[in-house]
Amino acid sequence: MANAKTLIIEQIEQTVAPVLRENAAELIDLQYVHEHGQWVLRFFLDKEGGIKLDDCATLSDHLGRILDATDLIKQSYSLEVSSPGINRPLKKEADFVKFIGERAEISMFAPINGRRNFKGILKAFNAGVVSIEEAPEQIFALPLADIAKARLDPEITF
């Protein structure tokens, strides 16, 4: 099932790419999951200056029409369109480059130096390797291919 889901997600990404470009929206993440007895297709989108509720509603309409017309998903599903939130996932090279200097949380598929989880400031991205500083002079080099999950971890003060 995972391979079929991956293929569907890739086909959906290709199908909706023109609509996202026309609306100056960036696809941050796309999930196709079975939750609480139903299928959910979840788009996480962003725009320069941030995505607004009206943007999400408009894009939901456009995306829904295209997906219905192409009939890529055979079973019924719920469509959700939202912002990636403040704990935005980091998946692509461009994500890591864009957020150099920001706090992030990174989990690895396999341990590096006996650890799988790293939390700190993104310092650099070179040749497929993310550098994260957990403390002054304590920088870890993490290969992008070995990262299971990464997301921003902004410091929130009240």
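Just name the residue that is least open to solvent (accessible area, probe 1.4 Å) out of those in the range 49-64 that are out of contact with any Leu (no Cβ under 8 Å at 6 or more places or on another chain) and more than 11 Å from Asn23 (Cα to Cα).
Pass one, the range 49-64, residues out of contact with any Leu (no Cβ under 8 Å at 6 or more places or on another chain): 49-50, 52-54, 57-58, 61-62.
Now narrow it down to the ones that are more than 11 Å from Asn23 (Cα to Cα): 49-50, 52-54, 57, 61.
On the way: Gly49: 70, Gly50: 28, Lys52: 115, Leu53: 144, Asp54: 116, Ala57: 54, Asp61: 91 Å².
Checking each candidate, the answer is Gly50.
Here are some residues: Leu63, Leu20, Leu72, Leu59. Which one is in a loop (DSSP other than H, G, I, E, B) and over 28 Å from Leu142 (Cα atoms)?
Leu72
Is there any pair linking a residue in the range 95-109 that is modelled with pLDDT under 95 to one that is hydrophobic (A, V, I, L, M, F, W, C), with Cβ under 7 Å and at least six apart or on different chains, and which?
Filtered contacts from the range 95-109: no entries.
Can you tell me how many residues in the range 5-32 are under 15 Å from the mean Cα position of the chain (by Cα), under 24 Å from Ile86 (Cα atoms) and open to solvent by 40 Å² or more (accessible area, probe 1.4 Å)?
Residues meeting the conditions: 3.
Do we have Glu93 as among the acidic types (Asp, Glu) and out of contact with any Asp or Glu (no Cβ under 9 Å at 6 or more places or on another chain) here?
Numbers: among the acidic types (Asp, Glu): yes; out of contact with any Asp or Glu (no Cβ under 9 Å at 6 or more places or on another chain): yes.
Here the answer is yes, as Glu93 does meet what is asked.
State all residues of the range 101-115 that are in contact with a strand residue (DSSP E or B) (Cβ under 7 Å, 6 or more places away or on another chain), open to solvent by 50 Å² or more (accessible area, probe 1.4 Å) and farther than 17 Å from Gln138 by Cβ; if no residue qualifies, say none.
Within the range 101-115, Glu102, Phe109 meet the criteria.
Quick one: which of Leu79, Leu41, Leu27, Leu45 is touching a Gly at 6+ places or on another chain (Cβ under 9 Å) and assigned to a strand (DSSP E or B)?
Numbers: Leu41 fails: touching a Gly at 6+ places or on another chain (Cβ under 9 Å); Leu27 fails: touching a Gly at 6+ places or on another chain (Cβ under 9 Å); Leu45 fails: touching a Gly at 6+ places or on another chain (Cβ under 9 Å).
It is Leu79.
Quick check: is even one residue across the range 126-138 open to solvent by less than 50 Å² (accessible area, probe 1.4 Å), touching a helix residue (DSSP H, G or I) at 6+ places or on another chain (Cβ under 7 Å) and closer than 27 Å to Lys52 by Cβ?
No, the range 126-138 contains no residue that is open to solvent by less than 50 Å² (accessible area, probe 1.4 Å), touching a helix residue (DSSP H, G or I) at 6+ places or on another chain (Cβ under 7 Å) and closer than 27 Å to Lys52 by Cβ.
The values are calculated or read from the model by the stated rules, or taken from the named source; none is laboratory data. What you see is a predicted model, and the numbers here were worked out from it, not measured in a lab. Heads up, the Cβs are rebuilt from the backbone with ideal geometry, glycines too, and the neighbour counts pull from every protein chain shown. Protein only, heavy atoms only, side chains kept; ligands, DNA and RNA dropped before computing areas. Shrake-Rupley method; radii C 1.70, N 1.55, O 1.52, S 1.80 Å.
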